[in-house]
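Here the structure comes first, spelled out in structure tokens, and everything after it is commentary.
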Amino acid sequence: MPNTTPAIILSTLNAKYIHASLGLRYLLANMARHGGDDLRARTVMREFTIARPTTEIVETLLAELGDVPDRGTQIIGFGVYIWNVSATTEVIRQLKLARPDLKIVLGGPEVSHEWADQEIVRLADHLITGWGDVSFPKLCRALLHGPKPLMKVISGEQAGLEEINLPYAEYSASDLAHRLLYVEASRGCPFKCEFCLSALDKTAWAFELEQFLAALEGLYQRGARNFKFVDRTFNLKIDSSLRILQFFLDRLTPDLFLHFEVIPDHLPDRLKEMIARFPPGVLQFEVGIQTFSPEVQQRISRRQDNDKTCANVDWLVNHSHAHLHTDLIFGLPGETLASFAEGFDRLYALQPHEIQLGVLKRLRGTPIARHSVEHGMVYDSQPPYTIQQTGAVDAADVQRFTRLARYWDLLANSGRFKQTLPLLLAGPSPFAAFLAWSNWLWQNTGKTSGLTPEMLVDRLFDYLTQVIRLDVEEARQRLLADYLASGARANPSCLAGHLKGRDNSPASVARALAQRQARHAGIRETT
């Protein structure tokens with residue numbers, strides 16, 4: 001009976017099941033291309049989530065490898081990211097205790113920079129920094145057939161994109177049915193924003209467009225309808241953007257969903273015309289604004305025309321059906337709470353569908369580190385290396401903002417309080433108004449999680465009527481309208497007697513659309 005145990009396992013721990021690792025599928029697709037033998041037939045891919053116990057992951061991998069005495073060299077390659085490095089370290093520790101002969105190879109952004117003192121690198125046999133499409137198959141051949149590699153750390157070979165097999169045939173039928181599909185029309189980024197690893201790229205490289213569109217057609221014909229483009233700058237080259245959008249416009253279905261990251265100040269008329277042709281529920285744009293402060297933008301090497309950015313966001317909100325995720329980052333060097341508040345208020349006035357409030361993280365290798373001393377940047381030493389304080393914002397304010405961001409997700413980005421939120425944010429500064437509410441909610445609950453919609457309705461009613469002393473019936477009617485539209489079926493205390501015979505049918509279409517967008521909200525994993 002032939003030995004069916006694999007020689008190579010490609011593995012990673014995804015943040016959630018809905019994520020399907022694009023990086024592993026690139027490696028799998030290229031196992032047969034670079035070299036004389038076909039390693040693809042001897043390679044399997046096994047994905048897990050960080051929620052799964054590490055002992056179960058280890059047991060699953062060891063069972064896959066088998067216990068045949070003469071199995072020969074076996075390799076596991078792990079994709080390591082900021083969200084999985086701690087769990088992956090423990091997985092590798094247990095694997096090495098059980099199978100000291102097992103060859104462990106690491107790759108991914110979390111181990112491609114500043115790796116010398118990392119425990120996970122010490123435990124592994126080899127590390128490939130940077131691109132692995134070509135270098136990983138070469139290393140596997142050397143480990144399996146010789147000559148044995150002399151170096152533990154290997155600088156990944158950046159091959160031309162035409163030398164890399166596209167990975168999309170590696171998505172399974174189950175992936176297409178149940179998971180977001182990550183795709184990329186290009187790699188790299190020409191911009192130098194210092195908080196981002198893409199700042200290290202010299203430029204952006206585009207895959208050959210006809211080949212890429214053919215791959216999309218293959219996915220589409222197999223039933224794929226959810227596509228998340230991971231290009232850092234989808235609208236960098238407008239001709240290519242138009243071709244890709246036209247591809248999907250020609251294939252519109254009720255369940256089609258497309259996510260793009262766009263440059264906020266680059267939206268020429270011909271791109272607007274194309275965007276305007278898409279119906280509701282199809283397009284989702286992640287619009288990275290990060291900061292409106294010109295001084296901070298210059299300090300972190302971010303080029304952005306703020307006036308054009310605002311004009312484009314305004315156009316997208318009022319003249320397209322695209323769902324907008326706009327991003328701001330708190331804790332950038334020199335950014336004060338007051339200057340951040342000004343930027344938030346400016347963005348909120350444009351009424352994007354969501355404002356994602358992030359807290360700065362110092363990714364390994366990013367140039368943001370050069371500001372640490374001058375601007376008093378203190379980061380958590382453990383992943384995800386979140387800013388703890390800066391020279392402009394003390395630790396207490398960072399903690400206050402972190403709570404505010406959580407509450408903003410629950411109230412604003414959830415879409416559950418569209419009628420009530422304007423009451424809460426009324427005044428000269430919406431940010432100041434929400435910060436006051438956030439401080440009060442924390443003082444009265446001590447919780448940032450476990451707050452049910454009913455609890456939020458009751459706490460909002462108390463705050464609106466007792467703290468800022470709004471009209472009781474107006475507050476109740478706004479909360480009632482929001483609660484009914486949300487489809488929730490419990491009974492908040494402040495709405496007692498007002499929920500009999502509730503009828504949600506008029507809001508069903510809008511609610512279904514909101515729920516569809518919510519399924520894709522907050523999906524920010526870098527693949």
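So for segment 423-435 (the condition being more than 26 Å from S339 (Cα to Cα), outside the structural domain of A341 (by TED's automatic domain parsing) and in a loop (DSSP other than H, G, I, E, B)), does at least one residue qualify? No, segment 423-435 contains no residue that is more than 26 Å from S339 (Cα to Cα), outside the structural domain of A341 (by TED's automatic domain parsing) and in a loop (DSSP other than H, G, I, E, B). Candidates are the residues of segment 36-61 that are part of a strand (DSSP E or B) and among the hydrophobic types (A, V, I, L, M, F, W, C); the one that is nearest to the chain's Cα centre (by Cα) is F48. When you scan segment 485-502, do you find a residue that is surrounded by fewer than 17 Cβ atoms within 10 Å (Cβ to Cβ), in contact with a helix residue (DSSP H, G or I) (Cβ under 9 Å, 6 or more places away or on another chain), in contact (Cβ under 8 Å) with a residue 40 or more places away in the chain and not assigned by TED's automatic domain parsing to the domain that holds H353, even just one? No, segment 485-502 contains no residue that is surrounded by fewer than 17 Cβ atoms within 10 Å (Cβ to Cβ), in contact with a helix residue (DSSP H, G or I) (Cβ under 9 Å, 6 or more places away or on another chain), in contact (Cβ under 8 Å) with a residue 40 or more places away in the chain and not assigned by TED's automatic domain parsing to the domain that holds H353. V80: at pLDDT 95 or above, among the aliphatic types (A, V, I, L, M), buried (at least 21 other Cβ atoms within 10 Å of the Cβ) and within 20 Å of A124 (Cβ to Cβ), yes or no? The answer is yes for V80.
Screening H353 on (1) out of contact with any Leu (no Cβ under 6 Å at 6 or more places or on another chain); (2) closer than 25 Å to H259 by Cβ; (3) in contact (Cβ under 8 Å) with a residue 24 or more places away in the chain; (4) not aromatic (F, W, Y) shows it passes everything except condition (1). Just one of the listed residues (T402, T336) is hydroxyl-bearing (S, T, Y) and within 22 Å of the chain's Cα centre (by Cα), and it is T402. For the structure I just gave you, tell me whether I128 is within 26 Å of the chain's Cα centre (by Cα), over 23 Å from F229 (Cα atoms) and buried (at least 17 other Cβ atoms within 10 Å of the Cβ). Yes; evaluated as a whole, the condition is true for this residue. Within segment 7-24, being farther than 18 Å from V58 by Cα and in contact with a helix residue (DSSP H, G or I) (Cβ under 6 Å, 6 or more places away or on another chain) holds for one residue alone: A20. Checked against the criteria, V85 does not count as closer than 15 Å to V58 by Cβ, of a type in the set (A, V, I, L, M, F, W, C) and in contact (Cβ under 8 Å) with a residue 60 or more places away in the chain.
Scanning segment 368-383 for residues that are of a type outside the set (A, V, I, L, M, F, W, C) and crowded, with 16+ Cβ neighbours inside 10 Å gives H371, H375, Y379, P383.
When segment 154-172 is limited to residues that are within 23 Å of I104 (Cβ to Cβ) and not hydrophobic (A, V, I, L, M, F, W, C), the one that is nearest to the chain's Cα centre (by Cα) turns out to be P167.
Of all residue pairs spaced 6 or more apart or on separate chains, those with beta-carbon atoms under 9 Å, a first member in segment 132-149 that is among the β-branched types (V, I, T) and a second member that is crowded, with 22+ Cβ neighbours inside 10 Å are V134/N30. On inspection, F48 fails the criterion of being at pLDDT 95 or above and over 18 Å from L180 (Cα atoms).
When L249, L245 are screened for being in contact (Cβ under 8 Å) with a residue 24 or more places away in the chain, buried (at least 17 other Cβ atoms within 10 Å of the Cβ) and assigned by TED's automatic domain parsing to the domain that holds A204, only L245 passes.
Selection over segment 108-134 of residues that are under 21 Å from L161 (Cβ atoms) and either in contact with a His (Cβ under 9 Å, 6 or more places away or on another chain) or part of a loop (DSSP other than H, G, I, E, B) (or both) gives a count of 8. The residue list L123, L102 contains one member that is of a type outside the set (F, W, Y), surrounded by fewer than 20 Cβ atoms within 10 Å (Cβ to Cβ), under 26 Å from K16 (Cβ atoms) and not assigned by TED's automatic domain parsing to the domain that holds Y220, which is L123.
Pairs linking a residue in segment 460-474 that is surrounded by fewer than 17 Cβ atoms within 10 Å (Cβ to Cβ) to a residue that is of a type in the set (V, I, T), with Cβ atoms under 9 Å and 6 or more positions apart or on different chains, are D471/T465; V472/T465. Remark: pairs (first residue in segment 415-432, under 19 Å from L479 (Cα atoms); second residue polar (S, T, N, Q) and assigned to a helix (DSSP H, G or I); Cβ separation under 7 Å; 6+ apart in sequence or on different chains) = R416/S486. Counting only strands (runs of 3 or more DSSP E) that sit wholly inside segment 149-197, those with at least 2 residues that are outside the structural domain of I128 (by TED's automatic domain parsing) and on the phi < 0 side of the Ramachandran plot are 181-183, 186-188. The numbered conditions (1) in the same structural domain as S320 (by TED's automatic domain parsing); (2) more than 29 Å from L484 (Cβ to Cβ); (3) surrounded by 18 or more Cβ atoms within 10 Å (Cβ to Cβ) are all true for E354 except (2).
Assess whether F461 counts as being outside any loop (DSSP other than H, G, I, E, B), within 25 Å of the chain's Cα centre (by Cα), of a type in the set (A, V, I, L, M, F, W, C) and at pLDDT 95 or above. In short, no.
The values are calculated or read from the model by the stated rules, or taken from the named source; none is laboratory data. Since this is a predicted model, take the numbers as computed values, not measurements. Note that each Cβ is placed from the backbone with ideal geometry, even for glycine, and that neighbours are counted across all protein chains shown.
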